1. Just to compare against my own numbers: the Cα pair-distance distribution for region 313-465, 10 Å bins, whole % per bin, please.
2. Need one number: % antiparallel among DSSP beta bridges in the chain, to the nearest 5.
3. Going by average Cβ neighbours within 10 Å, how do the peptides 107-119, 318-330 rank, with the highest at the top?
4. If the only charges are +1 at each Lys and Arg Cβ and -1 at each Asp and Glu Cβ, what is the size of the charge dipole of region 482-588 around the Cα centre, to the nearest 20 debye?
5. Provide the three semi-axes, in whole Å and in decreasing order, of the ellipsoid equivalent to the chain as defined by the square roots of 5 times the Cα gyration tensor eigenvalues.
6. If we count every other residue with Cβ under 14 angstrom of residue 53's Cβ, Lys/Arg +1 and Asp/Glu -1, where does the sum land?
7. Provide, for q = 0.15 Å⁻¹, the log10 of I(q)/I(0) from a solvent-free Debye sum over equal Cα point scatterers in region 482-588.
8. Do you know the relative contact order of the chain, to the nearest whole percent, from alpha carbon pairs under 8 angstrom that are 6+ apart?
Amino acid sequence: MAACAAVLAAAGPAAATTYCVGVQRAGCEVRASAAEAFADADADGDRIELGAVTATAALSSDRAITVIGSGDGVTELRGGLTLSDPRAALTGATVHGLDLTGTASNVTVEGPAVLHGNAALRSATVRGDDGVDAADGTPSLESVLVDLDGGPGLRVRCDTTLHARHMTLLGRPDAAVTTLCASSAARVRDSILWGTPGTGFAGPGTVVTSHSDYRAVPGHAPGAGDREVEPGFAPGSARLAAGSPLIDAGSPGVLARTEWPEDRSGLPRIADGDGDGVAARDPGAYELAPPPVPLPPGNLLGDPGAEHGGAWSLSGSFARERYGAFPFPSKAAGAALGAGDAFFAGGSGKSGTATQTVDVTRLAPEIDLADATATLSGLLGGYRTDADSGSIRAVFLDPAGDPIGDAALGTPAAVERANATTLLPRSRTVRIPPLARSIEVTLAATRATGSYADAYFDNVAVAVAAPGAPPPRSARKPFAGVRVLTARATPDRKGRVVLRLACADATVGGCSGVITLVAPLRRGSKPVRVGAERIALAPGRVRRVRVQLTRAARRALRERRRIRMTAYLAARDRQGLTRTSAVPVLVKRRSSRGG
């Protein structure tokens with residue numbers, strides 16, 4: 001993870017103190033009330049943590065403190081709050097009146113929100129009839145819902161420039177934007193202004209929707225990007241519904257480093273809401289997230305989402321992390337992904353892995369006939385612009401545990417994520433190579449920048465499709481499999497090896513499956529598949545099966561006269577039990593006319 005400035009505030013001096021109200025944890029000085037905590041937090045860098053607290057007294061601070069609530073609607077500051085230091089920060093509270101010079105995020109403001117200097121109000125809601133008052137300087141709004149019963153909407157005082165991006169203005173304000181003099185300016189972008197205001201203003205590139213025409217402030221003409229469109233909100237909501245014409249209709253391009261990366265509810269600001277494969281901004285306070293991609297049925301992996309532990313073997317710095325822990329994806333992002341509370345990440349070292357092996361012997365007959373496929377899938381992601389990389393790799397292992405094929409998925413590059421901190425669904429389907437008996441899955445992360453390997457993984461899955469294979473079920477009788485009664489064989493004139501096979505008389509319903517011959521075609525070379533044939537035997541019967549050798553095998557047999565092969569049996573009884581075995585067979589060519 002690249003070194004990043006804290007969203008809440010710059011790190012304080014070593015002597016900074018944390019005061020807690022309604023919160024019990026080590027390293028926190030408990031205070032009886034919010035007023036007492038604010039009175040004692042008199043040094044820059046001090047921190048106040050508030051639990052389920054309702055404060056009725058007016059609270060204020062002129063220091064660079066950080067105030068952390070337990071969520072808007074949980075922590076309530078009913079007497080109002082004034083933070084007059086530009087380095088002060090507030091998050092996670094409902095405030096009845098906010099006078100802000102610093103930064104506030106994930107808050108609800110009941111009553112006026114007065115902004116000074118470079119104050120930033122982000123991922124917030126402003127309700128009531130007082131709206132937002134840009135009092136001086138160049139304050140900003142990002143991902144803010146303004147829902148008003150009246151009042152001025154956004155008011156910009158003299159010698160002040162208000163920057164508003166991804167704002168949704170609803171209700172019945174007296175005006176959308178009011179500028180009080182010629183030195184006032186409002187820069188509105190990627191926003192939805194919807195209601196019944198008497199006046200309004202929007203800058204170039206803004207999506208503006210209204211019931212009536214808007215008039216520009218004096219000296220400014222409406223921008224070429226302004227348009228009047230029914231936004232298509234979800235019923236009773238300020239969120240865009242699926243099918244809205246405004247989905248993905250915001251400004252193009254990836255998130256800038258200075259751009260607030262979340263919507264009002266904590267979702268990544270840029271998402272592929274319309275499902276066209278391209279992530280783009282939605283105008284307004286909310287971003288429509290694509291529907292979650294559920295785990296595929298028949299996933300063979302344990303603990304696919306880092307929720308339980310025990311199924312994976314972790315090495316290096318590989319770690320489990322929680323959604324909502326700064327600076328990882330938010331809890332809202334995890335919920336929108338259908339991803340639970342936790343995910344895998346590369347961790348605080350240079351690299352790390354997590355490995356798990358699953359057995360697919362039950363499907364050996366279909367696999368050995370090349371009729372089975374494996375779908376490798378997962379949610380993969382990363383942090384902002386970091387170039388850290390990761391992969392999910394599935395390696396198919398033969399009966400000896402040697403690799404015979406693989407498939408991989410890579411984490412999306414930052415530009416694919418539009419520089420958002422998020423995870424995206426990825427999947428790939430491949431044919432399982434014959435003789436595969438297990439699949440080794442490895443999650444790997446490598447750090448490229450910063451101090452954390454920001455490759456993220458969740459809902460990792462391997463699902464095997466084997467048409468014709470019965471579902472797993474309990475069996476009443478044991479199944480011994482198929483026996484090979486031939487130790488030496490000579491190919492016939494068509495290059496077919498004749499083998500005698502037997503199915504035990506106690507077998508339920510008979511033996512069916514496939515026999516595969518494997519051999520090294522050159523001395524010292526790696527064995528390869530040289531022939532395969534379906535088998536079907538009645539209980540208690542012996543049958544001759546002809547296995548056609550490949551052209552390369554017949555050529556090698558002519559050159560070498562004899563080849564030691566291995567016959568791999570994959571058979572299933574009527575109960576659905578599968579048994580595999582491997583038997584050596586010496587194959588000799590016919591005299592001068594063989595092969």
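Only the coordinates and a few stated rules stand behind these numbers; no lab work does. Because the structure is a prediction, the values reported are computed rather than measured. Reconstructed Cβ throughout: ideal geometry from the backbone, glycine too, with neighbour counts over all protein chains shown.
1. Reading upward from the zero bin: 12, 39, 29, 16, 3.
2. On the way: 96 of 170 bridges.
If we restrict to bridges inside the chain, about 55 percent are antiparallel.
3. On the way: 107-119: 22.2, 318-330: 18.6.
In decreasing order of mean packing, 107-119, 318-330 become 107-119, 318-330.
4. On the way: 27 positive and 5 negative charges, 149 e Å.
So the dipole magnitude of region 482-588 works out to roughly 720 debye.
5. Working: eigenvalues 896, 131, 80 Å².
Those come to 67, 26, 20 Å.
6. Values: positive: 31, 78; negative: 36, 49, 72, 76.
That sum, taken over residues with Cβ under 14 Å, equals -2.
7. -0.59
8. On the way: 1789 pairs, mean separation 45.8, N = 595.
Relative contact order here is 8 percent.
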